[in-house]
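I have placed the structure first, in the form of structure tokens, so that the comments after it can refer back to it.
The values are calculated or read from the model by the stated rules, or taken from the named source; none is laboratory data. What you are looking at is a predicted structure, and each value in this text was computed from that prediction instead of being measured. FYI the Cβ positions are ideal-geometry reconstructions off the backbone, even for glycines, and counts take in every protein chain you see.
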Ligand code: FE2
């Protein structure tokens, strides 16, 4: 074999109950997962009872804006409105080279964090489709080490942007989106709550779902990213998904209005989403900071109803959404930070709920992207992350170091374990923040 990772604890394992396993890798595939694998390999890694997880997957990101922090100025108020204004100021100055360079740098950070698959929305509102070209170039360049999936995203509205430009043709926004798909974007995006009226929003959902059905594509819309409890485009998205037989291929991103919806209405909505196989992508870091801004006190949490959707059998992932861009000044491609915030905001502190938070940045997100060969099992791609933690809950608690990141059987990143040296009389010389028993 080419590589064996010995004494690994898997995400499905329970400490002190399940025996660690050895993971045998040949070429770019996992060929064996069993205790005490009787084989030799060119290279061995001793996991020493630590967690080996499949790679992190970010189901919702904006790579065309990332790492633009400070360009042309910082978001001084930290609000959504100033962020949108800032993006508008930046857009005319974007160049393809700068977009590519920033995205490649972000992908470096991602790999270092064991984040090996990202679904990025790319703004198609600009008729030049500069960002689409740039991110297609990035997708090609990072393909050996990171799966980048691109969503054609009409940030300025599908119908709203149609006649916004002087001389704009009817459905100009849709033309841009279709061209982006022809160029190679993978997924159909949308933003129904940003159209001029509720009716236009519903119409945009219908048009986009019909287009996706015709082309055999997945759908992922920014949907109801608002505190308005009457923003209910997710209902239309579920209905169109069901009508067109798109089950399992559609996701609603953000869905923050659900936080403020009437409980009885939600009790009808969640079964509709389940019936249509519509997945949900919450973005806890961004929405806890951007939503509820017009509230005084009590202030609403800006996150959709994650535990309730999971209980209803709906697939839910957590996305990073933004890192150092006009809307969010923080972040470092760390999906454990995302899971950590999601867990807290949703009060997912039960044992199963904490594990579900880890799934929301790994396997649940992989299902939404439709990744092939994802997981730690024979036949899967040899992609995994060795974390300095004993289980998924500990990984979230510690935002654990990625001791080794493996892509297609090759170690592509290593990080040192987090240790602190102490100089205290009668106390240990070092701490690693793990329970010593
Ligand atoms: Fe977003």
*Candidates 47, 39 - the one that is more than 16 Å from the ligand (Cβ to nearest atom), in contact (Cβ under 8 Å) with a residue 60 or more places away in the chain and assigned by TED's automatic domain parsing to the domain that holds residue 410*: 47
*Just name the residue that is surrounded by the fewest Cβ atoms within 10 Å (Cβ to Cβ) out of those in region 27-53 that are under 27 Å from the mean Cα position of the chain (by Cα) and part of a loop (DSSP other than H, G, I, E, B).*
28
*Boolean, residue 251 is over 15 Å from residue 189 (Cβ atoms), in a strand (DSSP E or B), assigned by TED's automatic domain parsing to the domain that holds residue 179 and within 16 Å of the ligand (Cβ to nearest atom)*: no
*If you check 108, 97, which single one turns out to be more than 16 Å from the ligand (Cβ to nearest atom), in a helix (DSSP H, G or I), over 30 Å from residue 378 (Cβ atoms) and under 17 Å from the mean Cα position of the chain (by Cα)?*
108
_Exactly one condition in (1) outside the structural domain of residue 124 (by TED's automatic domain parsing); (2) over 27 Å from residue 396 (Cα atoms); (3) crowded, with 17+ Cβ neighbours inside 10 Å is false for residue 64; which is it?_
(1)
*asked:* Taking the conditions exactly as written (assigned to a helix (DSSP H, G or I), touching a helix residue (DSSP H, G or I) at 6+ places or on another chain (Cβ under 7 Å), in the same structural domain as residue 333 (by TED's automatic domain parsing) and closer than 26 Å to residue 61 by Cβ), does residue 303 satisfy them or not?
replied: no
*Just give me the residues in region 112-133 being within 16 Å of residue 369 (Cβ to Cβ) and either without any contact (Cβ under 8 Å) to a residue 60 or more places away in the chain or within 16 Å of the ligand (Cβ to nearest atom) (or both), in sequence order.*
118, 119, 120, 121, 122
_Given the criterion more than 16 Å from the ligand (Cβ to nearest atom), surrounded by fewer than 22 Cβ atoms within 10 Å (Cβ to Cβ) and at pLDDT 95 or above, identify the matching residue among 309, 348._
348
_Quick check on my filter: what residues within region 54-66 are away from the ligand (no atom under 16 Å from the Cβ) and not in a strand (DSSP E or B)?_
54, 55
*asked:* For the structure I just gave you, tell me whether residue 418 is outside any strand (DSSP E or B), farther than 22 Å from residue 13 by Cα and touching a helix residue (DSSP H, G or I) at 6+ places or on another chain (Cβ under 9 Å).
replied: yes
